Amino acid sequence: MSAANPGARHFPLLVGMGALSAFFAGIEILVRIDVINRFIVPMPSQVIASFERVIVEEDVVARFWLTFQEAFIAGAMIAIVGISLGILLYRVEILRRATETWVAAMASAPTVLIYPLFLVIFGRSMWTIVMMGFVAGLPPVILKTIEGLAGTRRVLIEVGRSFNLTARQIFTKIMLPSALPTIFVGVRLGLIFTLINVVGVEFLINFGGLGQLINDLAERYDLAGTYASIAFVILVSVFFFVVTEWVEKCLVPER
Amino acid sequence: MKGGAAPAISAAEVRRLRIVIVLVVLAAWELVARSGLLYRDVVPALPTIARALYALLAGGEFYWHLGVTAGEVAAGMTIGGIGGLAVGLLLGANRFLSEAFERFLYYLGPTPKIIFFPIMIMWFGVGVSSKIAMGALSCFFPVALSTAAGMRQIDRVLIRVGHSFRANAWQMATKVYLPAMRHPVINGVRLGLGVAIIGTLLAETKLSNRGVGFLVIQAYSLFDMPRMYAMLIVLFVVAIGVNALVGRLGGLDAIKRP
Amino acid sequence: MAIAPEPAGRPDTAPAAQAPLLVVEDIVKRFATPDGELIAVDHVSFDVKPGEFVGVIGPSGCGKSTLFNIIGGLLDDYEGTVRVAGERVRGPHPAIGMIFQEESTFPWRSVIDNVAFPLEIAGMGRRERHERARHFVKLVGLDGFERRYPAQLSGGMRQRVSMARTLASEPKILLMDEPFASLDEQTRLLLGDKVLQIQQQLAQTTLLITHNITEAVQLADRILVMTYRPGRIKRVVDIALPRPRSSQIVSSEAFGRHVAQIWSDLREEASLGLQDEDSAYGRERRA
């Protein structure tokens, strides 16, 4: 049933936002009356006030650009390599049967822990971070590509046969488009892991973009600044996921 | 889906290919190790890694640290898992709460949790507690989101069947809701376990004096590569094994009773 | 096959003399929609006597399923009253057993545990409820499949499991909402036979809601034909076909006459429904 009136539809959203504001207001009051230690939790108003300082003094734009580049390169790599490997594994069945469980195991293994290895190979550089993002995001893309191709409805393939399509045409005109929504789910999942690892490794090895910013401010014991930079990373990732959702909607309109 | 004309592939052939792949990878590794293309010790020779693995598993120190990490993960899972389950049930049962608050979880879920580590240190200190907090924070989101989604996905007719036989609230919960949503919940727990392990270990590599994460980063800073590889191998085996075990316990691979 | 002129094995030969088991009085159900109020069920009244098999037939969207949910006690926001054995229905009543249109077996329970479900809810011990359940599994002809899981059965078998499960609660009146809607025609006819046989055996009072004319005529003693939106009772048709019946009756001349008569009543209503549907889709596309 399409919404009866638009006011009622936005009501829950308003309540959610209101509750969030009330939560922060509550924290503000509790910190001000010293129920919460102000050296552990800064006042939300301080955090908001430090936003400008963090953005101007800490060169957030340049940091964001660096993190974005790292995530973008790693994201492009997982999409290209992952989809190709997925197609390869789908087409060569024996390869798929031999390695699909390994790929799935890789997806559930704590691969991020091998960052010291890349640290040794690439040093504290952008490429360590890109490679970590790549390693972490690759398995879901491969798995979902296989799943999408294998899930092509039989009848659609038979429709293709009835029109006398070649095997290649069946693959490019029928199987690939029909697998696209699933492949996209895999790419989105992979991008999530990539971004987590990019920012996480930046934080861990104290290099580069936004992750390092948090580390820096925390080490300087700039309380409000630390919270502000964390809030900034959250905003960035929210923005990132909203954009991928939107792109997905454009590319896969039938959903 | 199998290609129509392709001949059936036997399990033995698959096994043979797997062995070949493993051998090729190991041989390539060994070749790189001996060629000296990369810095010495970045790719140590296989026997060196094997010796380090043996030394690691034969010594008692590693197990103590593994125990610390396992304890942290278990505590984090318990706190975050129960919290996630409770919140997920609330959101799944109440449409209004879900529309008002679920979007926050949905967007916070994929943000890298490790960035909260400085805050966790401020709140809970540099010891074990902040690692537990990281584990709990990590696993809370996937458990909550998949529980909420699982509850909404329950086939409505099954709930009507329960009501039509006049099941009370407790019976509805234990005989209809929980069994009907156990797959998504177990999946959420599995996902949660994975990220809780990662969150805990990363926190240990960042700032700690105990736990496997600490050992790994210590080996790195001493440039003891073989020992680092040995620990990564053990960690991967343990993590994959635990994950498979949770899946098995949840009966995900069978249509049989739980 | 011997066709008895008098209904055999049923509690009495003159049902009219008996107090009705189910009394539905002046039911009105309104829904709020974006286009204003929709009256789904409009002043519907009828009753069902003990041992009687009543069919309710109407086009899609005539409020049949709403009526089903109201009588079953799963909907409480309506006007009018429903009484079972003189008792007002407020919430699911133990005397009413519902069989749903959708696939409704519990996939995590074996056949025997599915059928034993209502007994388990009532607090019966494991051994006893399994014994009772086994009887009903046999009644629907699924003996030998007790340990199977729904995923291992065909659609028709699963629907028989649902039927056995509802029968195991030993309802005074069986309420079925298009129980065979998801099955193919042949399975549907054969399951109809099963229903006839069980109804005969248990002297089961039954209310069947359906849009399938053949099914209604094959099974019912009396058919209520409903109008499309608002759902009213347009006509009551007594089915003067002898009992016991079987699916073979579909080829008889009397059967054809009943089907033709009901179709002429229904045709107009169904085409109204079709028009509505077309314009609804058109509206969506333009929006």
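The values are calculated or read from the model by the stated rules, or taken from the named source; none is laboratory data. Nothing here was measured: the structure is a model prediction, and the numbers come from that model. Please note: Cβ atoms are built from the backbone with ideal geometry, for glycine as well, and neighbour counts cover all protein chains shown.
Here is how the numbers come out for the structure above:
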read-out: Pairs, first at the interface with chain A (Cβ under 9 Å from one of its Cβ atoms) in region B:206-235, second part of a loop (DSSP other than H, G, I, E, B), C-beta under 6 Å, six or more apart; value: B:Met225/B:Asp41; B:Met225/B:Pro44
read-out: Residue list for region A:217-230, filter: part of a helix (DSSP H, G or I), at the interface with another protein chain (Cβ under 10 Å from one of its Cβ atoms) and farther than 16 Å from A:Trp65 by Cβ; value: A:Leu217, A:Ala218, A:Glu219, A:Leu223, A:Thr226, A:Tyr227, A:Ile230
read-out: A:Phe203, sole failed condition from (1) on the phi > 0 side of the Ramachandran plot; (2) buried (at least 22 other Cβ atoms within 10 Å of the Cβ); value: (1)
read-out: Criterion: of a type in the set (Val, Ile, Thr), assigned by TED's automatic domain parsing to the domain that holds A:Met131 and free of Cβ contacts under 8 Å to residues at least 40 places away in the same chain - qualifying residue of A:Ile230, A:Ile205, A:Ile192; value: A:Ile230
read-out: Residue in region A:46-65 that is farthest from the chain's Cα centre (by Cα), counting only those that are crowded, with 19+ Cβ neighbours inside 10 Å and among the aliphatic types (A, V, I, L, M); value: A:Val47
read-out: Odd one out for A:Leu113 among (1) under 30 Å from B:Ala219 (Cβ atoms); (2) out of contact with any Asp or Glu (no Cβ under 6 Å at 6 or more places or on another chain); (3) surrounded by 22 or more Cβ atoms within 10 Å (Cβ to Cβ); (4) at pLDDT 90 or above; value: (4)
read-out: Residues within region C:206-247 that are under 11 Å from C:Gly192 (Cα atoms) and over 17 Å from the mean Cα position of the chain (by Cα), tallied; value: 3
read-out: From B:Val216, B:Val234, B:Val238, residue being surrounded by fewer than 21 Cβ atoms within 10 Å (Cβ to Cβ), among the aliphatic types (A, V, I, L, M) and within 26 Å of B:Phe116 (Cβ to Cβ); value: B:Val238
read-out: Number of the exception - C:Arg158 against (1) at pLDDT below 90; (2) within 19 Å of C:Glu103 (Cβ to Cβ); value: (1)
read-out: Hits in region A:87-113 - residues which are charged (D, E, K, R) and touching a residue at least 24 places away in the same chain (Cβ under 8 Å); value: A:Arg96, A:Glu100
read-out: Condition broken by B:Val157, with the remaining ones in (1) in contact (Cβ under 8 Å) with a residue 40 or more places away in the chain; (2) part of a helix (DSSP H, G or I); (3) away from chain A (no Cβ under 14 Å) satisfied; value: (1)
read-out: Among the candidates A:Val159, A:Val112, A:Val155, residue that is among the β-branched types (Val, Ile, Thr), more than 13 Å from every other protein chain (Cβ to nearest Cβ), assigned to a helix (DSSP H, G or I) and over 25 Å from B:Val14 (Cα atoms); value: A:Val159
read-out: Set C:Ile198, C:Ile262, C:Ile209, C:Ile223: member being assigned to a helix (DSSP H, G or I), of a type in the set (A, V, I, L, M) and under 24 Å from C:Ile39 (Cα atoms); value: C:Ile262
read-out: Failed criterion for B:Leu201 (all others in (1) in contact (Cβ under 8 Å) with a residue 60 or more places away in the chain; (2) part of a helix (DSSP H, G or I); (3) more than 8 Å from chain A (Cβ to nearest Cβ) hold); value: (3)
read-out: Scope region B:74-120; condition more than 29 Å from A:Val187 (Cβ to Cβ), within 8 Å of chain A (Cβ to nearest Cβ), surrounded by 19 or more Cβ atoms within 10 Å (Cβ to Cβ) and of a type in the set (A, V, I, L, M, F, W, C); matching residues; value: B:Ala100, B:Ile119
read-out: Qualifying helices (runs of 4 or more DSSP H) (wholly inside region B:1-105; at least 2 residues being modelled with pLDDT of 90 or more and under 30 Å from A:Val92 (Cα atoms)); value: B:11-35
read-out: Test: residue in region B:128-150 that is of a type outside the set (A, V, I, L, M), in the same structural domain as B:Glu99 (by TED's automatic domain parsing) and at pLDDT below 90; value: no
